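The block underneath contains the structure these notes are about, expressed in C-alpha cells.
The values are calculated or read from the model by the stated rules, or taken from the named source; none is laboratory data. Just so it is clear, the structure is predicted and the values come from calculations on it, not from any experiment. Note that we place each Cβ from the backbone using ideal geometry, even for glycine, and neighbour counts take in every protein chain shown. Each accessible area value is taken on the protein alone, full model and side chains, heavy atoms only, with ligands, DNA and RNA left out. Shrake-Rupley method; radii C 1.70, N 1.55, O 1.52, S 1.80 Å.
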Amino acid sequence: MPLKAVILIGGPQKGTRFRPLSFEVPKPLFPVAGVPMVQHHIEACAKVPGMKEILLMGFYQPNEALSRFLVSAQQEFKVPIRYLQEYAALGTGGGIYHFRDQILSGGAEAFFVLNADVCSEFPLQEMLEFRQQHGDMHSFVILGTTANRTQALNYGCIVANTGTQEVQHYVEKPSTFVSEIINCGIYLFTPAIFQHIGEVFQRNQQELALEESSNGWQRAEVIRLEQDVFTALAGSGKLYVYKTDGFWSQIKSAGSAIYASRLYLNQYSKSHPERLAQNKPGGPVIRGNVYIHPTASIDSTAVLGPNVSIGEGVTVGAGVRVRESIVLHGASLHDHTCVLNTIVGWDSTIGRWARVEGTPSDPNPNDPYAKIDSETLFRDGRLTPSITILGCSVTIPAEVVILNSIVLPHKELSRSYKNQIIL
C-alpha cells in the first residue's frame, strides 16, 4: 500500500520556550540523543513498508541547515524527503489542507501526520495493523497514551469505547477531568480526512464573510486538527485511538530535551547499540547510556553518564564529570569541570574547576503514567529552578558555580550566578 508521512515542524515564532537554543538552529534540528530531533521521526517513517515520500511542513524560511539536513537524510534513509513551506502559520490542519495535492500525488492510500516536538517509539506499523483490525479502511487513527489525572488536563483528552477503541468524545486541554487517555500528536489518516477539514474551511469562510469588519489575520485557512476536526469527528464511527505502552514525551522546553534524550538513549540499546559508548581501556569512564560523537576528544580520566550526549568536535579535559546533560558541538570543558543537568551550547567554554548545575524537570519516577510538566519559566515572581542552559559561545571562567541559570548567547561571565537569566 503506497503511504506517505507528513512531519509538522512549526516555525520561527513557535519554539519560544526553547530559547535560547532555538536562536541558533530551528528547533526540529536540535540534537536529541546525538541526532536532530526530527531524524528520529524520519527514521521511524522510513522503516514502514510502502513509504513513498516524507514531507516536512512548516513556516521556516528554507535555510542552509534545513537543506543540508534533508539531503543527508534522503541519502541515509533512501526515501524522498521534501520541505513544504506554508506562507503563514496555518495550524495543524490548515497546513496539510493547503498542501493536500502534494500529499495525495502519487496515489497515497493513507498517510501519517507527526508533530515534530514529540519523542516516541513511533509504533507506526502497529497503527496500520490496528486500523486493519478495527474499523474500515477509511477510518482515522490517533495514537494515544495514558497520563495521570491531573496532567491529562494539559493535553487533548480522548474518551473511547473500551471494546472497539472508537473515539466517542475528544476535548483539547479540558478544564476538568475528562479521560486519562491523551493524544500523542501522531495520526494515521486516509485522503477522506480532507473532506472533513474542507468542511471546517468552508464554515470558517462563511463566518468570516458574516464578520466583514474582521481583521485580515483571521484566515479561513487556519485550522486546528485537534479542536476543529477531532472534536467534530468524535462519535461518528470514523475516528479510533491506538493506545501505546511505549515511551512518549513532548519536547516543549529545553529541559524536556534532556528527558527525551534519556528515553532515546535507552531505546538505542535495542535499536542502535553502535551509538552507545562503551568502557574501553584508555578511554573515559562510561556510566549508563552515553552518546559520544566520533570527532569528540575526551580525556581518559573523565567520567560521563548516565544520560549524556556529546556533540561533534567537543573537547573534554582531565577529571571532568558530566551527568544528565547535552554538550553541543564545538564546546570545550576544561579540566575538572562538573556539569550536571545542563545543556552546554555550541562553541561554549567552561573553565577548569567550574561547576555548572541545573535542577532536573523529570516526571515523577514513582508514577508510571507521569509526563513531564511544561513548567513555566517563572513561579510566584521567581525563576523556577530548572535545567541550566548555556547559549552558544558562552564563556564560563575557572572556579565559579553556575546554578539553575539560563545564559544567553555570546556572554562572557566573570563570577558565579544562581537562579538567574543572564541577558
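Which ones in segment 50-80 are in a strand (DSSP E or B) and open to solvent by 50 Å² or more (accessible area, probe 1.4 Å)?
Filtering segment 50-80 down to residues in a strand (DSSP E or B) leaves 51-58.
Correct list: K52 only.
Given the residues V356, V320, which is the only one that is crowded, with 23+ Cβ neighbours inside 10 Å and in contact (Cβ under 8 Å) with a residue 40 or more places away in the chain? Step through it out loud before you land on a result.
Values: V320 fails: in contact (Cβ under 8 Å) with a residue 40 or more places away in the chain.
Going through V356, V320 in turn, the sole match is V356.
The conditions are (1) open to solvent by less than 40 Å² (accessible area, probe 1.4 Å); (2) touching a Leu at 6+ places or on another chain (Cβ under 9 Å), and K371 fails exactly one of them. Which is it?
Here K371 meets the rest and fails (2).
Would you mention how many residues in segment 81-114 are part of a helix (DSSP H, G or I) and either on the phi > 0 side of the Ramachandran plot or in contact with a Ser or Thr (Cβ under 9 Å, 6 or more places away or on another chain) (or both)? Lay out the reasoning, then the answer.
Looking only at segment 81-114, we keep the residues that are part of a helix (DSSP H, G or I), and these are 91-98, 100-104.
Filter once more, keeping what is either on the phi > 0 side of the Ramachandran plot or in contact with a Ser or Thr (Cβ under 9 Å, 6 or more places away or on another chain) (or both): 91.
Number of matching residues: 1.
I'd like the residue in segment 115-164 that is of a type in the set (D, E, K, R) and part of a loop (DSSP other than H, G, I, E, B) and, out of all such residues, is modelled with the lowest pLDDT.
Residues of segment 115-164 of a type in the set (D, E, K, R): 117, 121, 126, 129, 131, 136, 149.
So of that shortlist, the ones also part of a loop (DSSP other than H, G, I, E, B) come out as 117, 121, 136, 149.
Values: D117: 93, E121: 96, D136: 72, R149: 90.
Looking at residues that are of a type in the set (D, E, K, R) and part of a loop (DSSP other than H, G, I, E, B), I get D136.
Among the residues of segment 165-172, are any open to solvent by less than 30 Å² (accessible area, probe 1.4 Å) and in a strand (DSSP E or B)?
yes
Could you list, in sequence order, all residues of segment 227-263 that are in a loop (DSSP other than H, G, I, E, B) and of a type in the set (D, E, K, R)? Working first, answer last.
The initial filter retains those residues of segment 227-263 that are in a loop (DSSP other than H, G, I, E, B), namely 234-238, 244-247, 251-253.
Within segment 227-263, K238, D245, K252 meet the criteria.
Sort through T342, T349, T384 and tell me the only one that's modelled with pLDDT of 95 or more, among the polar types (S, T, N, Q), more than 20 Å from I286 (Cα to Cα) and open to solvent by less than 50 Å² (accessible area, probe 1.4 Å).
Values: T342 fails: more than 20 Å from I286 (Cα to Cα); T384 fails: modelled with pLDDT of 95 or more.
Step by step, each of T342, T349, T384 is checked, and only T349 is modelled with pLDDT of 95 or more, among the polar types (S, T, N, Q), more than 20 Å from I286 (Cα to Cα) and open to solvent by less than 50 Å² (accessible area, probe 1.4 Å).
Pick out the one residue from P294, P306 that is modelled with pLDDT of 95 or more, assigned to a loop (DSSP other than H, G, I, E, B) and closer than 18 Å to T342 by Cα. Write out each step before concluding.
Working: P294 fails: closer than 18 Å to T342 by Cα.
Among P294, P306, only P306 is modelled with pLDDT of 95 or more, assigned to a loop (DSSP other than H, G, I, E, B) and closer than 18 Å to T342 by Cα.
May I ask you to verify whether S393 is touching a residue at least 12 places away in the same chain (Cβ under 8 Å), closer than 23 Å to N307 by Cβ, of a type in the set (G, A, S) and touching an Asp or Glu at 6+ places or on another chain (Cβ under 7 Å)?
Details: touching a residue at least 12 places away in the same chain (Cβ under 8 Å): yes; closer than 23 Å to N307 by Cβ: no; of a type in the set (G, A, S): yes; touching an Asp or Glu at 6+ places or on another chain (Cβ under 7 Å): yes.
Criteria not met by S393.
Would you mind telling me which numbered condition in (1) of a type in the set (D, E, K, R); (2) over 18 Å from the mean Cα position of the chain (by Cα); (3) modelled with pLDDT of 95 or more E64 fails?
Result: E64 fails condition (3) only.
State all residues of segment 379-406 that are within 24 Å of V25 (Cβ to Cβ) and basic (K, R); if no residue qualifies, say none.
None; the set is empty.
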